[in-house]
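Written out below as structure tokens is the structure these notes cover.
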Amino acid sequence: MQGLWLLLALNGIAAPNPLPANCSSSLCWDVSPQICVTEQQNQSCQTRLQLHWYSQTALSTCLYMAEEKLQCWQQAEQGHWQHIVSWQNTELSLRDSDNRILLRTELQVLSRKPAQRRLSSPWSIF
């Protein structure tokens, strides 16, 4: 019976969350997707964007898309955010309470149909 109580007591103690295996610094994140493919050129991408960030120390951070604040965390070692957003080529950044950029990634929109080239000359003598 003592083993059961010990197991229950240890189960209630949370171990610190380790950084992901592919993270080699004290602060990492995973953003998905970073590239969106649209049907037409100059079309916005509307998709579910999600991210997870991880830190070895507790941080107060905010997530920004360009200069728009999306979410903040207070004294957290990790954070998760997901939302359906509409975007064109832009930047996603995680900033500290002094607005310094801690992490940054480019979000790109690519088109399935490239820009059409003009095959005839733009002028005519007739």
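The values are calculated or read from the model by the stated rules, or taken from the named source; none is laboratory data. Predicted model only: the values in this text are computed from it and were never measured. When we count neighbours, we look across all protein chains shown, and the Cβ atoms used for this are built from the backbone with ideal geometry, even at glycine.
Within the set of pairs 6+ apart or on separate chains, which have a first residue in the range 72-94 that is farther than 18 Å from Arg104 by Cα and in contact (Cβ under 8 Å) with a residue 40 or more places away in the chain, a second that is of a type in the set (S, T, N, Q) and outside any strand (DSSP E or B), and C-beta atoms under 7 Å apart?
Close Cβ pairs (under 7 Å, with a partner that is of a type in the set (S, T, N, Q) and outside any strand (DSSP E or B)) amount to Ser86/Ser44.
Please go through the range 85-108 and pick out each residue that is among the hydrophobic types (A, V, I, L, M, F, W, C) and either at pLDDT 95 or above or within 12 Å of the chain's Cα centre (by Cα) (or both). So that I can check it myself, show each step before the final result.
Step one: list which residues in the range 85-108 are among the hydrophobic types (A, V, I, L, M, F, W, C), which gives 85, 87, 92, 94, 101-103, 107.
Within the range 85-108, Val85, Leu92, Leu94, Ile101, Leu102, Leu103, Leu107 qualify.
Taking into account only those residues within the range 41-66 that are in contact with a Leu (Cβ under 8 Å, 6 or more places away or on another chain) and of a type in the set (S, T, N, Q), which is surrounded by the fewest Cβ atoms within 10 Å (Cβ to Cβ)?
Gln56
On the given criteria, is Trp81 at pLDDT below 95 and aromatic (Phe, Trp, Tyr)?
no
Of the residues Tyr54, Tyr64, which single one is more than 19 Å from Glu106 (Cβ to Cβ), touching a residue at least 12 places away in the same chain (Cβ under 8 Å) and in a strand (DSSP E or B)? Please lay out each step first, then the result.
Numbers: Tyr64 fails: more than 19 Å from Glu106 (Cβ to Cβ).
Result: Tyr54 is the single residue among Tyr54, Tyr64 that is more than 19 Å from Glu106 (Cβ to Cβ), touching a residue at least 12 places away in the same chain (Cβ under 8 Å) and in a strand (DSSP E or B).
Go through the range 67-88 and count every residue that is part of a loop (DSSP other than H, G, I, E, B) and surrounded by fewer than 12 Cβ atoms within 10 Å (Cβ to Cβ).
Here the count works out to 1.
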